[in-house]
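Here, each number is a calculation from the coordinates, and none is a lab measurement. For clarity, every value in this text was computed on a predicted model and none was experimentally measured. All Cβ positions, even for glycine, are placed from backbone atoms using ideal geometry, and neighbour counts span all protein chains on display.
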Amino acid sequence: MSGSHMPAYDPHRPYNELPRLPPATDVETKTVLKACVRARAALSELKLAGELIPNQNVLINTIPILEAKASSEIELIVTTNDALFREASLGEGTTDPATKEALRYRTALYYGLEAIKQRPLGTNLAVEICSHLKDQQIEVRRVPGTTLQNGTTGDIIYTPPQGEQQIRDLLANWEKFLHEPDDIDPLVKMSILHYQFEAIHPFIDGNGRTGRILNVLILAEAGLLELPTLYLSRHIVRSKPEYYGHLRGVTENGSWEPWILYMLTAVEQTSVWTTQKVRAIRNQMEHTAEHIRFTVPKIYSRELVELMFTEPYCRIANLIAAGIAKRQTASDYLKALVAAGVLHEEKFGRDKVFIHRAYLDLLGRETHEFQRYR
């Protein structure tokens, strides 16, 4: 990125001079390439760990909810794992707006993953993802006046490009760079594309979360992720000042290397943490299976164990739908699991809900030990 435009940058003026991609600088420095090797190795390890869990729904139903919670928290939409899993499993519509909004992140992510099986990722899909996030039809910004402000002081820190045509041109360039054949590592490309999308800021609201979903889709499209198990927002929520500081560094000084290294570190550390969590889930599943075989052998089946890890808030209807048992037998099974100390029974409206509390505790814990049943 050449320095000629840098002195003219003014946070109070729409950044219509946002440089087009690719960046006019070497983005794959030696340091970046070394970080890439580490991040790729950690991602491969995560992929292998995921394959060790026979029923992939266990992970598909779990990690995206943790990601939804963290990505929403970055935007100050705060909820709990418990509320999210309850709403995801029971869908009673009785939750608070923050939980509903956070859960829509998972819906939008799933939508995007299905969509890229049929068509390439691009501007139209980004618009659809943001519309799913906001639960209303979202369009590219047409009206001027959007600014990004410091949450504490209220000072304007960035004014994104204005004018629908200007924004669409920038998005067309973003899309062209995304699909252009080149030898840039997909992880580096994802980092560059994430900066550019956030800088274009194409929507009135939902840009940050849309951009973080696009990260996963870019890696999935490049073949680096098969399941949406990269819990990238975990790293960002723990280092928000660095995240926003490095984004600003690119805008104000063309400092691509620190930004790309930040993102590669996020991929590496997130992959390592998630791999450990996935292994802990697998170990807990094995422990649960052993415990059921020992305490209530008559009801044991692999499908029953997997269901408790796919639906930590479980109802009789879940067992019936999974073909595990008919109504009365399903009720007996769940009560036997309560007696065995695996599930906890709670009243939820007029229904009984059986909660796999030990599993929810493992998911919510920063470390990876799980509680053994007595």
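Some notes on this structure:
- Pairs of Cα atoms nearer than 8 Å and 6+ residues apart set the relative contact order; for the chain it is 21 percent.
- Under 14 Å, Cβ to Cβ, from Val140 - net charge with Lys/Arg +1 and Asp/Glu -1: -2
- Net dipole in debye of the chain [+1 Lys, Arg Cβ; -1 Asp, Glu Cβ; about Cα centre; nearest 20]: 1240
- Placing R0 at 56 angstrom, the Cβ-Cβ distance between Glu366 and Asn124 gives a FRET efficiency of 0.90 after rounding to 0.05.
- Dimensions (Å) - the range 197-256, Cα atoms, principal axes, largest first: 35, 25, 21
- From the alpha carbon centroid of the range 241-264 to that of the range 154-198 is 14 Å.
- The long axis of helix 63-74 is offset from the longest Cα principal axis of the chain by roughly 50 degrees.
- FRET efficiency for the pair Thr265 and Arg374, taken as 1/(1 + (r/R0)^6) with r the Cβ-Cβ distance and R0 = 56 Å, rounds to 0.85.
- Potential lengthening between Glu139 and Lys347 on full extension [0.36 nm per residue; Cα-Cα distance subtracted]: 70.7 nm
- Mean ellipticity per residue at 222 nm, deg cm²/dmol - from DSSP H runs of n ≥ 4 across the chain, formula -39500 (n - 2.57): -19000 deg cm²/dmol
- Within straight-line cross-link reach of Lys189, lysines at Cα separation under 26 Å, skipping those fewer than 8 residues along the same chain: Lys30, Lys34, Lys47, Lys69, Lys117, Lys176, Lys240
- In the chain, the longest principal axis of the Cα atoms and the axis of helix 256-295 are about 0 degrees apart.
- Charge context of His356, other residues only, Cβ under 13 angstrom, K/R +1, D/E -1: -3
- R0 of 51 Å, Cβ-Cβ distance Tyr9-Glu45: FRET efficiency to nearest 0.05: 0.80
- Under 11 Å, Cβ to Cβ, from Thr80 - net charge with Lys/Arg +1 and Asp/Glu -1: -2
- In summary, the lysines within cross-link reach of Lys298, defined as a Cα separation below 16 angstrom excluding same-chain residues under 8 places away, comprise Lys326, Lys335.
- Cut-off 19 Å, label 7 Å out along Cα→Cβ of Glu17, residues of the range 192-232 by amide N: 196, 199-201
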